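Notes follow the structure.
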Amino acid sequence: MDTDEIECPKCHEVQPKIDFRCARCGASLETKEQRKARLAVLEQSRREAERDDVTIQRLPGFGTNGTPSAAFGTRRYWAEMSNERRHLFLVVFLLFSIGLAFFWSR
Ligand SMILES: [Zn+2]
């Protein structure tokens, strides 16, 4: 058959080849090769989705795949630290100092 139409093996309804299922009885119209190709595409997209998922999970400092975070206290640690965390450290340090000042001034 060299047309773009295919005959349903069950009900013999003639319809476009691109459909996977018969429009009349729902029987599969896929050839083995078509099915293989379709499943390969599905598998590929599934793997890509999985990889994206893994990338999202790969946060710095978590898991073994991420770039190892610098050890605490090193120069690199402070250089890589986010401004938010710097701010937090500063606030904690200030509160600590104020606490100490109150403690000593009594
Ligand atoms: Zn059919």
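Some points to look at:
- Placing a pseudo-label 7 Å from each Cα along the Cα-to-Cβ vector at E48 and D4 gives an inter-label distance of 2.5 nm.
- Inter-probe distance in nm under a simple model that places probes 7 Å from Cα toward Cβ, at V41 and I98: 6.3
- Gain on full extension, evaluated as 0.36 nm per residue between R76 and K17 minus their Cα-Cα distance, stands at 15.1 nm.
- Built amide H within the under 5 Å cut-off of I6, gap 5+: Q15, K17
Since every read-out is calculated from the coordinates, none of them should be taken as a lab result. Since this is a predicted model, take the numbers as computed values, not measurements. Note: ideal-geometry Cβ built from the backbone for every residue, glycine included; neighbour counts use all protein chains shown.
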